[in-house]
Amino acid sequence: MAELARSTLSENLVPPAGLPEGMENDLDLSQKYSKARDSIREAIEFLRPRVSQEKQELLDEILTKIRENRFNLVVLGQFKRGKTTFINALLGEPVLPSAIVPLTSIVTILEYGDKEKVEVFFEDGRVEEIPKEEIPKFVTERENPKNVKGVKYVRVLYPSEFLSSGIILIDTPGVGSLYENNTDVTYGFLPHVDAGIFLLTVDPPLSKEEIAFLKDILPNVEKLFFILNKIDYVGKNDLEEVLEFSKSNLVEALGEENIVLLPISAKMALDGRVAGDPEAVMESGITKVESELKEFLIKEKGKVIINSSANKVLNILGDLLFRIDLERKMATTPLETLEEKIKKFREIQEGILQERKDSEYLFKGEIDSLIRIVEEDVYRFRDKKIPQLCKALQETCAKEKHRGSIELSKVMDKALKETIVKEFDAMVEKENQRINEEYARIAKRFADRINGIINNLLSLSAELFEVSLEQFEVEESITDESGLYYVLEDRKMLIDFEGAAKFLSYAVLPHAIATKKIMNDVNKKIPEKLEMNCGRVRSDFVERITKSAMDLRWNMQQKLDQTISYVEEAIDRAMELKKKSKEEAEKALKELTSQRDLLNHYKETILKARSEYGAE
């Protein structure tokens, strides 16, 4: 279940003069995030010239991640709720043409860019750059009916201050047309978004389509913000009553008590920002929404990013400290004693490498078992759903049999597609959670075995050279990179004689016979669609599990190899140091001590900043 947004702001529409209520806390939190981010960035700048090319690339990735702190924000709502005006208000000017709102049939993605750029991504892989004014030609039902142009989505890059904080806005089709075209595209974004904004308005109440859609998306969105738009349509005295009425409708429809509804006038906010009128912007309520989004961005997403990034940098710092301590200790150990310890170290290397092979073999077996579980679950789902869907669609056909044969055929085709998407979405969500949990257990066992081997090596190092290596854990999970989409349409043919004949027969046959034939055709499609999409789901899970396992195996292998290489390199440098004069050796040791102090400084700075931010 999505975490429903809880307001931390005053219920008054216009806050008092000075900083808005709650802004001081946001500012303090933002400063702590900046401090933690800057401590990591400074450590990266120090480490970069001192590590391998591979580690430099990792540090660059970490730097990009903490700089952008990106998260996906999907904007949802029925026709004429003011979605585009709301998006433009967040951006500060009319970036999207307002004509998109009632007719949107394609997802539009807005990201930060140094300059304005609009790209159309097609289903066949083509990408076409267009002027902003031509967006309606690709995303509206009027100019691209039923997506005859084969558009997958449109991406808009724009130099907006709002987007520069890492937010990616996703504008989706209106709820009323959600299931007719682009269902796979719209739902394809939901599992990957971090927060959702659902727009309502003060005039029309919640529709059945909106209620059904909300129930579908709540499990897929980490956090959902409810916005009541067009508050400028009612007087201030009536606003409280309208808010209470709209909120009670949501509570009744969704069965959730802790719903917060934020009132705004998107038009007033946009007009105020275009005109440079801060009082109008404040009165519109848009700043409250932005404050809530900022808090989520910094507290929730930022915490994960800071903790993960800090641990990776701390591991690299720990590696360098380990190497320096090894070298310092070996350099001060008598040569004869050092040679004896080196001999002992080499004797156990072969045993360590064999232990690693054994662990990798066990890990592969567990991953193969996990893949078999996925296959069994997917095809058990198929076998269970065939009779259930046949029964459900038979009931739908009975309710709709008063329609003409051609219309009934279209209704049943739409019902089949909607049912397939709904059933598979629910299954994929449940299976994803189950497989992630099982993979996490398998990955932990493998990581524990490899870490045990490494700890054994480190114990030997501590015993031989009196040094140790501090480790910071990073959680392992299945990769989110998924190309899964459902196949709902029948295979297209150049000249569809069979389809044409089928529709002709529906038209000329007596209604009762045509109805029976329509239902027979639906029953025939059900196992075909289930089989086809079960195959896609299975392939997606297997691909992600395999990729995650390979990445983990490679990372653990690198970790062990690096630990061994650190000892080997420290031995080589210590032996070289012993060949130098006393003055040269002392100078080298002094330099090692200076580097060690600097590394410890960056380590303590990161630990302190991370602790203050609360991302441990």
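The values are calculated or read from the model by the stated rules, or taken from the named source; none is laboratory data. Values in this document were obtained by computation on a predicted structure and should not be read as measured data. Note that each Cβ is placed from the backbone with ideal geometry, even for glycine, and that neighbours are counted across all protein chains shown. Surface areas here come from the heavy atoms of the whole protein model, side chains and all, with no ligands, DNA or RNA. Shrake-Rupley method; radii C 1.70, N 1.55, O 1.52, S 1.80 Å.
Sort through Lys399, Lys422, Lys391, Lys384 and tell me the only one that's touching a residue at least 24 places away in the same chain (Cβ under 8 Å) and open to solvent by 60 Å² or more (accessible area, probe 1.4 Å). Working first, answer last.
On the way: Lys399 fails: touching a residue at least 24 places away in the same chain (Cβ under 8 Å); Lys391 fails: touching a residue at least 24 places away in the same chain (Cβ under 8 Å); Lys384 fails: touching a residue at least 24 places away in the same chain (Cβ under 8 Å).
Only one candidate passes the filter, namely Lys422.
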Quiz prompt | Positions within region 544-593 being over 43 Å from the mean Cα position of the chain (by Cα), open to solvent by 40 Å² or more (accessible area, probe 1.4 Å) and under 30 Å from Lys357 (Cα atoms), in sequence order | solution = Asp572, Arg573
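Checking the conditions here, which among Thr593, Thr605 is farther than 23 Å from Leu458 by Cα and of a type in the set (Val, Ile, Thr)?
From the options Thr593, Thr605, the qualifying one is Thr605.
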Quiz item: Looking only at residues in region 113-146 that are more than 19 Å from Thr84 (Cβ to Cβ) and among the aromatic types (Phe, Trp, Tyr), which one is most open to solvent (accessible area, probe 1.4 Å)?
Solution: Phe121
Practice problem: Quickly run through region 570-587 and pick out the residues that are in a helix (DSSP H, G or I) and under 15 Å from Leu338 (Cβ atoms). | Solution: Ala570, Ile571, Asp572, Arg573, Ala574, Met575, Glu576, Leu577, Ala585
Quiz item: So which residues in region 81-110 are open to solvent by 10 Å² or more (accessible area, probe 1.4 Å), closer than 23 Å to Ser246 by Cα and at pLDDT below 80?
Solution: Val101, Pro102
Quiz item: Given the residues Arg50, Arg37, which is the only one that is of a type outside the set (A, V, I, L, M, F, W, C), touching a residue at least 40 places away in the same chain (Cβ under 8 Å) and more than 23 Å from Ile168 (Cα to Cα)?
Solution: Arg50
Quiz prompt | Only listed residue being touching a strand residue (DSSP E or B) at 6+ places or on another chain (Cβ under 6 Å) and under 30 Å from Ala36 (Cα atoms), chosen from Lys312, Lys288, Lys247, Lys299 | solution = Lys288
Exercise. Name the one entry in Phe213, Phe189 that is open to solvent by 30 Å² or more (accessible area, probe 1.4 Å), at pLDDT below 80 and of a type in the set (Phe, Trp, Tyr).
Key: Phe189
Exercise. Please work out if Arg356 is under 30 Å from Arg441 (Cα atoms) and buried (at least 16 other Cβ atoms within 10 Å of the Cβ).
Key: yes
Quiz item: Name the residues in region 425-439 that are aliphatic (A, V, I, L, M) and open to solvent by 40 Å² or more (accessible area, probe 1.4 Å), would you?
Solution: Ala426
Quiz prompt | Answer from Glu463, Glu407, Glu476, Glu470 - the residue that is open to solvent by 60 Å² or more (accessible area, probe 1.4 Å), farther than 30 Å from Met330 by Cβ and modelled with pLDDT under 85 | solution = Glu476
Practice problem: Kindly provide the set of residues from region 56-80 that are more than 20 Å from the chain's Cα centre (by Cα) and open to solvent by less than 30 Å² (accessible area, probe 1.4 Å), ordered by number. | Solution: Leu59, Gly77
Quiz item: When you go through Ser409, Ser405 one by one, which is the residue that is touching a residue at least 60 places away in the same chain (Cβ under 8 Å), closer than 16 Å to Lys525 by Cα and not charged (D, E, K, R)?
Solution: Ser409
Quiz prompt | Options Leu297, Leu320; residue that is among the aliphatic types (A, V, I, L, M) and more than 20 Å from the chain's Cα centre (by Cα) | solution = Leu320
Quiz item: Being loosely packed, with under 12 Cβ neighbours inside 10 Å, at pLDDT below 85 and not in a loop (DSSP other than H, G, I, E, B), is that true of even one residue in region 488-495?
Solution: no
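I'd like to check something: does region 542-552 contain any residue that is over 30 Å from Leu362 (Cβ atoms), of a type outside the set (S, T, N, Q) and assigned to a helix (DSSP H, G or I)?
No, there is no match, as no residue in region 542-552 is over 30 Å from Leu362 (Cβ atoms), of a type outside the set (S, T, N, Q) and assigned to a helix (DSSP H, G or I).
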Practice problem: Taking the residues in region 255-272 that are out of contact with any helix residue (DSSP H, G or I) (no Cβ under 6 Å at 6 or more places or on another chain) and of a type outside the set (Asp, Glu) as candidates, determine which candidate is most open to solvent (accessible area, probe 1.4 Å). | Solution: Asn258
Practice problem: Scan region 594-616 for residues that are in a helix (DSSP H, G or I), open to solvent by less than 60 Å² (accessible area, probe 1.4 Å) and touching a residue at least 40 places away in the same chain (Cβ under 8 Å) and jot them down. | Solution: Leu599, Asn600, Tyr602, Lys603, Thr605, Ile606, Leu607, Ala609, Arg610, Tyr613
Exercise. Would you be able to tell me the number of residues in region 221-239 that are surrounded by fewer than 13 Cβ atoms within 10 Å (Cβ to Cβ) and under 27 Å from Phe296 (Cα atoms)?
Key: 0
Quiz item: Mind checking whether some residue in region 295-307 is closer than 15 Å to Leu607 by Cβ, assigned to a helix (DSSP H, G or I) and open to solvent by 20 Å² or more (accessible area, probe 1.4 Å)?
Solution: yes
